[in-house]
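Chemist: After the structure tokens below, expect a handful of questions from me.
Every read-out reported here was derived from the displayed coordinates using simple, explicitly stated rules and does not represent laboratory data. In this text, all values refer to a predicted model and were calculated from it rather than measured experimentally. For neighbour counting, all protein chains shown are included, and Cβ atoms are generated from backbone atoms with ideal geometry for every residue, glycine included.
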Amino acid sequence: MPYKEKKIEKLYYSIGEVAAMFKVNTSLIRYWEKEFDIIKPQKNKKGNRLFTKEDIENFHLIYHLVKERGLTLKGAKMKLKENKEDTLNNFKVIKSLNEIKDMLLNIREEI
């Protein structure tokens, strides 16, 4: 049985790395942090924000609501406050369907 190295996952991400993931400015990340209470990054001694995987998942959810579905910040806050569980489940379904779509498109290109 061949040896497989485990993929190393980071525990914390800097604000620059998070901004690069979403292709937005760091100022938008800071603004969303202030506006949405579900994002709570830790700060080191220098005051730099350190985002966890959970924070990044919350950013994905906010990004989906604001940028992809076109909700206002107020609308996104209300949606998360009223029914975060259903919103999260819907987001996960959409994400998995998009992954399947990408996979099928790649298969189609190879044929």
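Chemist: Filter the stretch 66-85 down to residues that are small (Gly, Ala, Ser) and assigned to a helix (DSSP H, G or I) and give me whichever is surrounded by the most Cβ atoms within 10 Å (Cβ to Cβ).
Modeler: Looking at residues that are small (Gly, Ala, Ser) and assigned to a helix (DSSP H, G or I), I get Ala76.
Chemist: Right, something else. Among what's in the stretch 5-20 and is touching a residue at least 24 places away in the same chain (Cβ under 8 Å) and either part of a loop (DSSP other than H, G, I, E, B) or in contact with a Leu (Cβ under 6 Å, 6 or more places away or on another chain) (or both), pick the residue that is farthest from Glu82 (Cα to Cα).
Modeler: Glu9
Chemist: For the stretch 21-65, give me the residue count where each residue is of a type in the set (A, V, I, L, M, F, W, C), farther than 23 Å from Lys92 by Cβ and in a helix (DSSP H, G or I).
Modeler: Number satisfying all stated conditions: 1.
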